[in-house]
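Q: One structure, as structure tokens, below. Some questions next.
The values are calculated or read from the model by the stated rules, or taken from the named source; none is laboratory data. Predicted model only: the values in this text are computed from it and were never measured. Cβ: placed from backbone, ideal geometry, glycine included. Neighbour counts: every protein chain shown. Remember, those area values only see protein heavy atoms, side chains included, never the ligands or the DNA or RNA. Shrake-Rupley method; radii C 1.70, N 1.55, O 1.52, S 1.80 Å.
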Amino acid sequence: MLFTVPSNQIERLAPHRLSDELERGQVVYFATCPLRLPDDADLTFLRSDIAQYLLRKNVSYYPDANRLTGIKADPTVIARAMSILKTYSEHLQTFLRGVMPAFMRGARLGTSSYRPLQERGRNLKPHASNELVHVDAGAYGATHGDRILRFFTNVNPTEDRVWMSKGCFIDLYRRHAKLAGIDAEARGGVEEKWVDRAYSGFVRAASKVLPLASVIDSSPYDRTMRKFHNYMKDTPRFQRDTEGQVQMIFKPYSSWMVLTDAVSHACISGQHAFVDTFLVPLANCRLRQLAPYEILRASAPFAAAER
Ligand SMILES: [Fe+2]
């Protein structure tokens with residue numbers, strides 16, 4: 001499940017190598033962060049100084065709205081946090097476009113976040129908890145089948161970040177779709193009908209004026225994925241089931257990326273990480289049959305005839 005990229009090979013990788021690994025459900029791991037990190041003073045600022053200003057579990061920069069959320073502080077603190085996240089994400093985008101040019105074409109950065117809190121034992125409500133294994137659903141409203149790519153860097157100087165996975169969407173769907181009730185949902189079809197397209201068109205128009213209005217967008221695909229996400233987090237038996245379970249350890253200053261809509265994951269422990277989220281067009285996938293949208297669509301063979 002872990003595809004480790006040797007640091008001396010990054011420049012020599014074929015243009016589709018890393019994206020193919022992602023699409024196959026691999027977590028692509030860099031033992032050393034492949035991009036320039038903020039300097040020590042800025043990292044210390046994030047690790048130590050920002051705690052007193054926290055309002056939420058994440059400090060997030062939204063490039064579309066040019067806005068920072070998660071802290072309440074005076075403008076100099078906000079400007080500094082925003083500048084650190086913005087600069088890091090610019091380096092990251094340059095890196096990703098260099099190593100996966102075709103895959104990243106038209107990809108959109110949703111947020112660049114910093115996670116300041118210890119993940120272990122936070123006792124959050126199940127749907128908000130990172131400690132429960134899940135696949136991601138409906139980032140920033142709706143993806144309509146586009147892929148959710150997340151890039152992480154552990155900036156804790158001494159503590160590993162530890163993940164748990166129970167495997168990929170395709171296997172989890174086979175084993176759990178019925179129990180989750182999403183087989184019936186998928187039989188209704190994930191392709192969008194006129195009413196879905198009209199609603200999304202309205203939301204798109206509204207988000208030109210209010211960028212964050214896009215969070216109210218929805219689609220049959222996103223509703224199905226949300227149902228599966230909630231089933232995973234709400235079902236103790238699923239969480240206890242060890243079939244296909246793998247633990248992954250991410251060292252200080254390492255980075256990793258993964259399509260989190262198709263690879264189940266939970267963060268068991270760790271503190272201080274950057275997390276950047278991209279929406280990648282489904283059309284960029286070369287192994288499209290492995291994308292959750294296509295798996296759900298394929299399980300609705302009569303959907304087109306029914307409409
Ligand atoms: Fe997640």
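Q: Restricting attention to the stretch 43-66, which residues are without any contact (Cβ under 8 Å) to a residue 60 or more places away in the chain and not aliphatic (A, V, I, L, M)?
A: The answer is Thr44, Phe45, Ser48, Asp49, Gln52, Tyr53, Arg56, Ser60, Tyr61, Pro63, Asn66.
Q: Let me ask you something else. Quick check: is even one residue across the stretch 262-269 buried (at least 19 other Cβ atoms within 10 Å of the Cβ) and more than 15 Å from the ligand (Cβ to nearest atom)?
A: Scanning the stretch 262-269, I find no residue that is buried (at least 19 other Cβ atoms within 10 Å of the Cβ) and more than 15 Å from the ligand (Cβ to nearest atom), so the answer is no.
Q: Let me ask another. Report every pair of residues separated by at least 6 positions or lying on different chains whose Cβ atoms are under 6 Å apart, first residue within the stretch 129-141 and under 9 Å from Cys267 (Cα atoms), second more than 9 Å from the ligand (Cβ to nearest atom) and of a type in the set (D, E, K, R).
A: Listed by first residue and then by second, the contacts come to Asn130/Glu119; Leu132/Lys233; Val133/Lys166.
Q: Would you please name the residue that is nearest to the ligand (Cβ to nearest atom), looking only at residues in the stretch 244-261 that are within 18 Å of the chain's Cα centre (by Cα) and assigned to a loop (DSSP other than H, G, I, E, B)?
A: This residue is Thr260.
Q: Give Phe95, Phe103 a once-over and let me know the one that is closer than 18 Å to Leu13 by Cβ, away from the ligand (no atom under 16 Å from the Cβ), at pLDDT 95 or above and assigned to a loop (DSSP other than H, G, I, E, B).
A: Matching residue, one of Phe95, Phe103: Phe103.
Q: I've got another one for you. Do you know which residues across the stretch 270-279 are part of a strand (DSSP E or B) and either touching a Pro at 6+ places or on another chain (Cβ under 8 Å) or open to solvent by 10 Å² or more (accessible area, probe 1.4 Å) (or both)?
A: Matches in the stretch 270-279: Leu279 only.
Q: Here's a follow-up. What are the residues in the stretch 156-180 that are touching a strand residue (DSSP E or B) at 6+ places or on another chain (Cβ under 7 Å) and either of a type outside the set (Gly, Ala, Ser) or more than 13 Å from the ligand (Cβ to nearest atom) (or both), if any?
A: Passing the criteria: Asp160, Arg161, Val162, Trp163, Met164, Cys168.
Q: Take the stretch 48-61 and flag every residue that is open to solvent by 40 Å² or more (accessible area, probe 1.4 Å) and hydrophobic (A, V, I, L, M, F, W, C).
A: Correct list: Ala51, Leu54, Leu55.
Q: Now for a separate question. Step by step: first the residues of the stretch 62-76, then only those that are within 16 Å of Phe274 (Cα to Cα) and assigned to a loop (DSSP other than H, G, I, E, B), then the one that is least open to solvent (accessible area, probe 1.4 Å). Which residue is that?
A: The qualifying residue least open to solvent (accessible area, probe 1.4 Å) is Gly70.
Q: Considering only the stretch 135-155, how many residues are touching a strand residue (DSSP E or B) at 6+ places or on another chain (Cβ under 9 Å), open to solvent by less than 10 Å² (accessible area, probe 1.4 Å) and over 15 Å from Thr111 (Cα atoms)?
A: Total satisfying the criteria: 3.
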